[in-house]
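Q: One structure, as structure tokens, below. Some questions next.
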Amino acid sequence: MFYMYILKSKKNGELYVGSTNNLRARFIKHNKGEVTSTQSKRPYILVYYEAYTAEGDARRREKMIKLRGQARNQLILRLKDTLAQNES
């Protein structure tokens, strides 16, 4: 399986969008500071993920969420209560 996931920084509340084929291992790497782009904002909580059988689908979804404001806004709206519940 391949995953598109969203993490929320407990430090400042910012969201990070990524994709991987091993969600559990990638989440651990983010929180250990082994991912350069996220190490300064850890710790993180996993707030959302989508599973795909094809890597290309997960990567396209990640790119859509990162680059298309409307797609990101719709997802944030769907996660409104989840994101509010996990406020830093």
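Quick note: the coordinates plus some simple rules give every number you see, no bench work behind them. These numbers were taken from a predicted model, which means no experiment stands behind them. A quick note on method: Cβ atoms are made from the backbone with ideal geometry, for glycine too, and the neighbour counts reach across all protein chains shown.
Q: Compute the projected area of the convex hull of the Cα atoms of the chain, averaged over all viewing directions, and report it in nm² to one decimal place.
A: Over every viewing direction, the Cα hull of the chain projects on average to 5.3 nm².
Q: Report, in debye and to the nearest 20, how large the dipole of the chain comes out about its Cα centre when Lys and Arg carry +1 and Asp and Glu carry -1 on their Cβ.
A: With only Lys, Arg, Asp and Glu charged at Cβ, the dipole is about 180 debye.
Q: Still on this model: Please compute the net charge surrounding Gln39, taking Lys and Arg as +1 and Asp and Glu as -1 over other residues with Cβ under 10 Å from its Cβ.
A: +3
Q: Net charge near Ser9: determine it from the other residues with C-beta under 11 Å of the C-beta of Ser9, scoring Lys and Arg +1 and Asp and Glu -1.
A: +4
Q: As I understand it, the dipole of the chain uses +1 on the Cβ of Lys and Arg and -1 on the Cβ of Asp and Glu, about the Cα centre. Which of Thr38, Thr53, Val17 lies farthest toward its positive end?
A: Farthest along the dipole direction, towards plus: Thr38.
Q: To continue, here is another question. How high is the relative contact order of the chain, in percent, counting Cα pairs under 8 Å that sit 6 or more residues apart?
A: 36 percent
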